[in-house]
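What follows is a single structure, written as structure tokens, with notes after it.
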Amino acid sequence: MLRKAINLFLLTADQLYGPITTLRRDGRLFKHIPWSAFHLSEHDWARVLDAKEILKNSNDILHYFSSDKRPSLWRALPAIEDPQTAWESKLSNPVYSIYHPAIADGLEKLKKYYSKFDEKPVFILALLVHPYYKLGYIKMAWGGPEEQRKE
């Protein structure tokens, strides 16, 4: 669907909007760059789909907090941990090797926000008082007393 929409746009944009940009040299018109110059090859589309798959994990965070009728504070820790786990998996996957620097940057950003939870125990408290999760999520995500002692 995305491919169809972009291809349709590229086919019609030159007629609808004119060139995407105009290059000038020494103050004089040098070249018009049409939208059709940005036609995506099969290789380009493979990268678009890879990027879509990587960014899906960050988009999920948005949906965690999109409810305005239900409390969502308890979702903060899982919202950070889910993409972290997915991106760590992609970071070790050779299929995504071309994206490893960007994925590593994304993981660093998540780490920055995750470390802020240490300063705000209310997020952990929100999990503890949640009627479903209680200590279950904490034990599942961080282990029980034995795992804590090992650290």
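Just to check your reading of the model, which residue among K69, K31 is more than 21 Å from the chain's Cα centre (by Cα) and at pLDDT below 85? Walk me through it before giving the result.
Details: K31 fails: at pLDDT below 85.
Only one candidate qualifies: K69.
Taken over segment 4-17, the criterion of being surrounded by fewer than 12 Cβ atoms within 10 Å (Cβ to Cβ) and not hydroxyl-bearing (S, T, Y) is satisfied by K4, A5, L8, Q15, L16.
Within segment 77-98, work out how many residues are assigned to a helix (DSSP H, G or I) and open to solvent by 40 Å² or more (accessible area, probe 1.4 Å).
Initially, segment 77-98 is screened for residues assigned to a helix (DSSP H, G or I), giving 77-91, 94-98.
Subsequent filtering for residues that are open to solvent by 40 Å² or more (accessible area, probe 1.4 Å) retains 82, 84-85, 88-89, 91, 94-95, 97-98.
Summing the residues that are assigned to a helix (DSSP H, G or I) and open to solvent by 40 Å² or more (accessible area, probe 1.4 Å) in segment 77-98 gives 10.
For segment 75-118, residues that are acidic (D, E) and farther than 13 Å from D60 by Cβ total 4.
Pick out the one residue from R47, R24 that is open to solvent by 80 Å² or more (accessible area, probe 1.4 Å), out of contact with any strand residue (DSSP E or B) (no Cβ under 7 Å at 6 or more places or on another chain), among the charged types (D, E, K, R) and outside any loop (DSSP other than H, G, I, E, B). Please lay out each step first, then the result.
Values: R24 fails: out of contact with any strand residue (DSSP E or B) (no Cβ under 7 Å at 6 or more places or on another chain).
On inspection, the qualifying residue turns out to be R47.
The values are calculated or read from the model by the stated rules, or taken from the named source; none is laboratory data. Quantities reported herein were computed from a predicted structural model and do not represent experimental measurements. Heads up, the Cβs are rebuilt from the backbone with ideal geometry, glycines too, and the neighbour counts pull from every protein chain shown. What goes into the accessible areas is simple: the full protein's heavy atoms, side chains included, and nothing from ligands, DNA or RNA. Shrake-Rupley method; radii C 1.70, N 1.55, O 1.52, S 1.80 Å.
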